[in-house]
């Protein structure tokens with residue numbers, strides 16, 4: 001179980017966090033306009049030796065929190081990247097982290113959530129038993145040392161870009177279910193995307209060749225399904241290159257579409273993936289099939305609940321399933337038919353449902369110019385880097401010398417898991433309750449009360465947004 005508590009006003013402690021632990025702070029009005037603060041910095045206190053990621057999440061234009069998903073995009077900052085030496089110095093009092101708001105690269109007029117997640121230790125990646133962070137505020141105060149350039153991170157999507165589209169996706173291990181899945185997809189005129197574990201392709205290549213012949217998409221899912229947060233750069237590159245080689249040799253496919261195992265990636269991992277030219281795809285409908293392998297009705301109830309809270313006109317959906325789980329193999333037709341009844345009209349691959357959004361990055365348009373990539377990776381065509389961040393010293397005259405600190409209130413959660421597949425590492429059991437806290441009353445309510453709901457609604461929400 002993971003617990004969340006207020007140590008002092010504005011300082012929070014998360015006990016027994018794993019990489020699925022998170023704390024989120026949600027705007028009380030749906031979205032908050034921080035555009036006037038774009039030259040400011042987000043300041044946070046970090047405990048010594050603990051790495052974590054801070055996300056600012058951008059809402060949809062309607063800023064509705066009663067529809068799923070409610071986050072349209074997210075900008076991520078790795079805490080240690082903004083310290084003097086790129087790592088926490090281990091001082092007993094921790095360190096102050098300053099992140100220019102411009103580094104989040106989202107529409108600051110539509111901020112709906114601050115999300116703190118992906119806790120692990122430094123300098124060596126590993127699990128932590130407890131972490132503290134806090135004093136998250138927006139400030140004009142300059143940091144003590146020069147600000148580093150923002151990490152260039154690969155594109156990541158959790159929803160389809162084209163409204164009314166529905167992308168069924170499978171994280172693929174060897175099983176006898178894939179042929180049945182392909183039969184069922186054909187019967188309802190639907191396509192899927194299969195994220196293949198490279199090390200298991202040799203047993204699965206006949207079914208995968210059929211999938212390609214029938215118009216389904218094959219994408220990468222690493223070689224051995226490790227948690228990338230716990231790997232160094234060389235190991236991450238090896239996982240990707242081995243998978244790339246296997247897909248080319250066995251299937252004749254070179255893909256730059258990728259799903260990180262467990263959905264786990266942070267700005268460090270994304271920067272490595274960016275140098276290799278990969279687009280990361282997560283999901284906005286987590287079936288929870290891996291946690292409920294023997295309970296097909298519970299899996300179905302999760303899928304149905306998500307679909308019941310979605311508006312296909314806002315964005316298309318990406319569904320996460322696992323092909324080696326019979327409950328999921330048996331739900332394909334039921335899911336597609338129900339999604340149709342809710343207004344989804346196109347059941348296509350991830351690549352199709354993005355309607356060319358990442359073509360420039362992937363080198364599918366003539367306009368980008370080639371960029372240098374490491375010699376060990378295949379050459380890719382890269383989109384131009386974003387423009388320079390506005391000078392941090394340039395403060396608009398209408399901003400006060402130091403605004404009040406944001407009020408934060410949050411809830412914490414972890415994902416559950418069940419033992420079984422050796423490629424899937426055990427996770428913590430779900431929380432039994434959620435905790436809402438409020439900040440000191442003198443703080444400006446830029447961020448308000450937490451989004452509190454049933455545990456079943458949020459406990460699996462890690463990286464679905």
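If we keep just the residues of the range 26-40 that are in a loop (DSSP other than H, G, I, E, B) and out of contact with any strand residue (DSSP E or B) (no Cβ under 7 Å at 6 or more places or on another chain), which is farthest from residue 71 (Cα to Cα)?
Here is the first cut: in the range 26-40, the residues in a loop (DSSP other than H, G, I, E, B) are 27-31, 33-34, 38-40.
With the extra rule that they be out of contact with any strand residue (DSSP E or B) (no Cβ under 7 Å at 6 or more places or on another chain), the set shrinks to 28-29, 33, 38-39.
On the way: 28: 14, 29: 14, 33: 15, 38: 20, 39: 23 Å.
Of everything passing the filter in the range 26-40, 39 is farthest from residue 71 (Cα to Cα).
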Only one of 135, 141, 184 is surrounded by fewer than 22 Cβ atoms within 10 Å (Cβ to Cβ), in a loop (DSSP other than H, G, I, E, B) and in contact (Cβ under 8 Å) with a residue 40 or more places away in the chain, namely 141
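Looking for whichever is surrounded by fewer than 19 Cβ atoms within 10 Å (Cβ to Cβ), under 15 Å from the mean Cα position of the chain (by Cα) and either assigned to a helix (DSSP H, G or I) or at negative phi (or both) here; the options are 271, 305. Which one fits? Working first, answer last.
On the way: 305 fails: under 15 Å from the mean Cα position of the chain (by Cα).
Just one listed residue meets the conditions, 271.
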From the set of residues in the range 80-108 that are farther than 21 Å from residue 152 by Cα and loosely packed, with under 15 Cβ neighbours inside 10 Å, which is modelled with the highest pLDDT? 93
Any chance the range 132-150 includes a residue that's in contact with a strand residue (DSSP E or B) (Cβ under 9 Å, 6 or more places away or on another chain), at pLDDT 90 or above and under 30 Å from residue 62 (Cα atoms)? yes
Of all residues being part of a helix (DSSP H, G or I) and out of contact with any strand residue (DSSP E or B) (no Cβ under 7 Å at 6 or more places or on another chain) in the range 308-329, which is farthest from residue 169 (Cα to Cα)? Just the residue, please. 308
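Can we say residue 128 is under 23 Å from the mean Cα position of the chain (by Cα) and not assigned by TED's automatic domain parsing to the domain that holds residue 324? Full working, then the answer.
Numbers: under 23 Å from the mean Cα position of the chain (by Cα): yes; not assigned by TED's automatic domain parsing to the domain that holds residue 324: yes.
Yes; evaluated as a whole, the condition is true for this residue.
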Count, please, the residues in the range 283-293 that happen to be touching a residue at least 60 places away in the same chain (Cβ under 8 Å), touching a strand residue (DSSP E or B) at 6+ places or on another chain (Cβ under 7 Å) and not in a strand (DSSP E or B). 3
Lone qualifier among 263, 296, 316 - being farther than 30 Å from residue 52 by Cβ and in contact (Cβ under 8 Å) with a residue 40 or more places away in the chain: 316
Between 190, 246, 211, which is over 17 Å from the mean Cα position of the chain (by Cα), crowded, with 21+ Cβ neighbours inside 10 Å and over 29 Å from residue 165 (Cα atoms)? 246
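The values are calculated or read from the model by the stated rules, or taken from the named source; none is laboratory data. Bear in mind that the values here come from a model prediction, so they are computed numbers and not experimental data. Glycine also receives a Cβ, built like all others from the backbone with ideal geometry; neighbour counts cover every protein chain displayed.
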